[in-house]
Amino acid sequence: MSEILVLVEHVDGEVKKVTLELLTLARTLGEASAVWAGPGYSEAAKAKLAEYGADKVYVADSDEIVNYVVAPKAELLAKLVGDKSPAAVLVAATTEGKEVAGRLAVKTDSGVITDAVGLGEGFVADQSIFGGGVNVRSRVTKGTPIVAVRPNSTAPVAAAGAGAEEKVEVAPSDAARAAKIVERVKEEKGARPELTEAAIVVSGGRGVGSAENFAIIEKLADSIGAAVGASRAATDAKWYPHQFQVGQTGKTVSPQLYIAAGISGAIQHRAGMQTSKTIIVINKDPEAPIFEIADFGVVGDLFQVVPQLTEEIEKRK
Ligand SMILES: Cc1cc2nc3c(=O)[nH]c(=O)nc-3n(C[C@H](O)[C@H](O)[C@H](O)COP(=O)(O)OP(=O)(O)OC[C@H]3O[C@@H](n4cnc5c(N)ncnc54)[C@H](O)[C@@H]3O)c2cc1C
């Protein structure tokens, strides 16, 4: 079976969920090989990758890989593409993953597909574009298919792989060293999951009315282990930080469950959440366009509905 490379996303040595999703997807199309770039590699990380089906784990764990923004990761993958001739390369469709994918495509003279929400036989990728209004199926026709897949597109399923480790030596080229990271400041993170990776997202819009009122959105989110998102109307009004904006000019999310409260469903908002598996809407206007894409909808005042929902969830825990 042909080998498929999966670039591992990791933080503090922990493999991120999106990588387990990509390994699961890769297994449906060939033999999954994980590529670890940067420090933090451990036996535990290897075990996790093998648990989700990595037959091989290529390890390039030098600091050099992460000290020069993303260029060395693209060089590492390009070297592996040259040495191993994989059938495809999968990366997460994160900001960094997409940049790596683009650079890799140039280096290997290959085609690249970004923001895939599915990948099938013949590496035909599904994309949801124009705010989710159009579904496109596309295939790379030149070189090694490089596909950036959105987090939450596949449910991770464990299936043991051999996890055979192979060290890879790679020294970033002078070109890759052109931009060096000089400082890293760790962002204070709450207990909530990362927005683009969360399995559940609860978002508030203009209907929430103020920054203080976002507390009820946060309470609902915390009751179900969700990330909090916001429409642009809410972030522009400074009710919620811009990094949590969902939509065309914000983050793209594709969770299992998306709850939209007080959001009308403008095309630019939909663009960032339309591929969510199940969409629940709470809006007092029955004509709000967001109901068109809702799986379940409540026509009602969010100030009544959201706290009641939170209370009921807490009661059932
Ligand atoms: C180039 C461009 C890029 C954009 N990018 C983005 C983007 O990335 N993300 C984004 O979100 N928008 C984006 N927008 C803005 C977008 O067009 C909308 O203006 C925005 O999404 C509206 O946000 P909203 O739904 O929260 O507000 P509104 O459209 O004002 O809707 C508020 C909704 O809340 C409901 N409501 C009010 N009170 C209550 C209540 N008490 N209980 C229940 N429901 C209530 C109302 O019925 C209404 O449906 C962009 C626009 C442009 C031009």
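The values are calculated or read from the model by the stated rules, or taken from the named source; none is laboratory data. In this text the structure is predicted, and so the values were computed from the model without any measurement. The area values use the complete protein model at the heavy-atom level, side chains included, leaving out ligands, DNA and RNA. Shrake-Rupley method; radii C 1.70, N 1.55, O 1.52, S 1.80 Å.
Amide H contacts for A271 (H built 1.01 Å from N in the peptide plane; partners 5 or more residues away or on another chain; cut-off under 5 Å): Q248. Look at the alpha carbon pairs under 8 Å that are at least 6 residues apart: their mean separation over the length of segment 195-315 gives a relative contact order of 25 percent.
Fully extending the segment from A237 to E64 would add 58.2 nm, taking 0.36 nm per residue of separation and subtracting the current Cα-Cα distance.
Which value in Å does the Kirkwood hydrodynamic radius of segment 3-167 take, with 1/r averaged over all unlike C-alpha pairs and then inverted?
One decimal place: 15.4 Å for the Kirkwood radius.
Of all the options E121, E96, E64, the one that moves most in a Gaussian network model of the chain with Cα springs shorter than 10 angstrom is E121. The listed residues W239, W36, once ranked by accessible area (1.4 Å probe) with the largest placed first, stand as W239, W36.
So what is the relative contact order for segment 3-167, in percent, with contacts set as C-alpha pairs under 8 Å and at least six apart? Here the relative contact order equals 29 percent. Helix 95-108 and the longest principal axis of the C-alpha atoms of the chain enclose an angle of approximately 30°. Going down the list K107/K180; K56/K251; K46/K98; K73/K277; K16/K167; K48/K84, which pairs span over 28 Å between their C-alpha atoms? Table pairs above 28 Å Cα-Cα are K56/K251; K73/K277. Axis angle, to the nearest 10 degrees, between helix 17-27 and the longest C-alpha principal axis of the chain: 60 degrees. Mean residue ellipticity at 222 nm, helices only, the chain: -7500 deg cm²/dmol; runs of at least 4 DSSP H residues each add -39,500 (n - 2.57), and the sum is divided by the number of residues. Result for the chain in a Gaussian network model with C-alpha springs under 10 Å: among V140, V57, V299, the largest mean-square fluctuation is at V299. The residues of the chain expose on average 47 square angstrom of accessible surface per residue, using a 1.4 Å probe on protein heavy atoms. Residue by residue, segment 279-291 carries 3J(HN,Hα) couplings of 10, 10, 10, 10, 8, 7, 9, x, 8, 4, x, 5, 5 Hz when phi is fed to the Karplus relation 6.51 cos²θ - 1.76 cosθ + 1.60 (θ = phi - 60°); x denotes Gly or Pro. For E9, the residues 5 or more places off, or on other chains, whose built amide H falls under 5 Å of its own are K16, T19.
With the whole protein complex present, F296 retains an accessible surface near 130 Å², based on a 1.4 Å probe. Working note: Karplus 6.51/-1.76/1.60 with θ = phi - 60° gives segment 212-221 the couplings 4, 5, 4, 4, 6, 5, 5, 4, 4, 4 Hz, where Gly and Pro are set to x.
Can you tell me how much longer the chain between V157 and A171 gets when fully stretched, taken as 0.36 nm per residue apart minus their C-alpha distance, in nm with one decimal? List each step's numbers first, then the result.
On the way: separation 14, 0.36 × 14 = 5.04 nm, distance 3.43 nm.
The V157-A171 span can extend by a further 1.6 nm.
Return the single residue from E99, E31, E292 with maximal mean-square fluctuation; model: Gaussian network over the chain, springs between Cα atoms under 10 Å. Between E99, E31, E292, it is E292 that shows the largest mean-square fluctuation.
DSSP beta bridges confined to segment 3-167 are antiparallel in about 30 percent of cases.
Taking amide H as placed 1.01 Å from N in the peptide plane, E165 has its amide H under 5 Å from the amide H of V57, each at least 5 places away in sequence or on another chain. Here the chain has 51 percent of its accessible surface on carbon and sulfur atoms, given a 1.4 Å probe and all protein chains in place. With both residues required to sit in the chain, DSSP beta bridges show an antiparallel share near 20%.
Gyration tensor analysis over the Cα atoms of the chain returns equivalent ellipsoid semi-axes of 37, 20, 19 Å (largest first, whole Å). To the nearest 10, the accessible area of K251 is 70 Å² with a 1.4 Å probe.
Taking the longest Cα principal axis of the chain as reference, the axis of helix 302-316 is set at about 60 degrees.
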